[in-house]
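Data block below; observations after.
Each value in this text was obtained by applying a stated rule to the coordinates, not by laboratory testing. Values in this document were obtained by computation on a predicted structure and should not be read as measured data. Heads up, the Cβs are rebuilt from the backbone with ideal geometry, glycines too, and the neighbour counts pull from every protein chain shown.
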Amino acid sequence: MAPRKRRSKKTPSDEAPATKGANAADEASDGVPIWFVPGVVTIASYSLYAATASRSVGGGDSGEHLAEACLGGVAHPPGYGLYLSLLSGAAALRPAASPAAAGALASAACGAVAAGALAAAAEVWVRATRLSRHAPVASLVAGAAFATSPLAWEYSTHAEVFALNNMIVALGLAATASVAASGSEAAAFGGALLVGAAAAHQQAALLTAGPLAACALAWLPRRAKLALPLAATAAAVLGAFACDLRRRSAAPVAGGWGDLGTATGLARHLSRAEYGTFSLGANGGGGGGDADGAGPAAPFSLVDFGLLSHSRIP
């Protein structure tokens with residue numbers, strides 16, 4: 001008679017590793033929802049930036065962007081179509097404010113979202129490690145350190161392009177972290193939208209967004225099937241804002257830059273091929289140069305456009 005096999009008792013150490021990891025991540029964070037700290041960072045950052053936001057035209061390219069948004073023109077290469085649309089939306093939401101003040105609050109919102117997105121990225125990354133119980137603290141430190149850094153604070157308090165740039169890159173980090181942690185296809189498509197937004201706004205952001213997109217694609221379980229739809233999503237966003245720049249260039253205005261009436265002209269503007277030259281004026285009287293592109297036209301006054309009063313951005 002064959003001996004009966006003794007059935008061993010299961011111990012806690014025999015549990016499936018995936019189940020243990022999931023339970024540990026949930027328990028170690030002490031029940032704090034994953035969105036809680038990033039949400040607090042976002043709200044606190046906006047309150048800080050809004051309280052210290054400029055109510056007038058700032059330095060750098062702030063005056064030019066506000067003027068182009070008021071007149072419906074095109075900014076210097078690469079055009080900043082996404083940012084000009086943001087200024088228009090900000091003015092529509094705050095019709096009683098001056099364009100400069102509305103633009104500064106739009107930058108405050110972008111900077112706050114950037115801080116919250118960095119906090120979210122830190123939360124997701126740390127929750128996926130053995131140190132998951134420290135995820136809320138890591139999230140708070142990451143978000144607060146960015147929000148109170150001198151340059152991030154400065155860019156988030158007046159109408160300039162850099163706060164939007166920070167927001168796009170930070171959201172890209174959060175999307176990449178989500179793909180790495182869970183293989184989320186929704187996060188991957190969100191990242192594709194951000195890559196298109198980076199290309200439409202400021203190509204320097206692609207130096208970060210491009211590698212992040214490559215990493216996210218490598219971590220996707222169905223990357224072979226999703227590569228083309230993701231690329232098409234990014235291209236659609238870039239195409240939409242490129243078309244908007246052509247629309248703005250159709251009727252040249254004082255202070256407008258570039259001749260975007262042809263595909264070649266649009267490509268040259270987006271690629272900054274004419275940057276540093278005297279050939280940036282729109283044909284027919286653009287303010288960036290004369291009709292022949294031979295030299296700068298007469299300067300215009302910001303006061304003429306009501307940037308320091310209550311004029312509206314169309």
Calculate the FRET efficiency for Ala267 and Thr148 from the Cβ-Cβ distance with a Förster distance of 45 Å, rounded to the nearest 0.05.
0.65
Relative contact order [Cα under 8 Å, 6+ residues apart], the range 32-305, whole percent
20
FRET efficiency for Phe189 and Ala92 from the Cβ-Cβ distance with R0 = 25 Å, rounded to 0.05, comes out at 0.35
Quickly work out the Cys243-to-Lys225 label distance, labels modelled 7 Å from Cα along the C-beta direction, and quote it in nm with one decimal.
2.9
The rounded separation in angstrom of the Cα centers of the range 46-67 and the range 103-143 is 24
Sort 70-78, 204-212 for me by packing, meaning the mean count of neighbouring Cβ atoms within 10 Å per residue, highest on top.
70-78, 204-212
Is the range 32-305 rounded, prolate or oblate when judged by the Cα gyration tensor, a ≥ b ≥ c being the square roots of its eigenvalues, rounded requiring a/c under 1.5 and prolate requiring a/b larger than b/c?
oblate
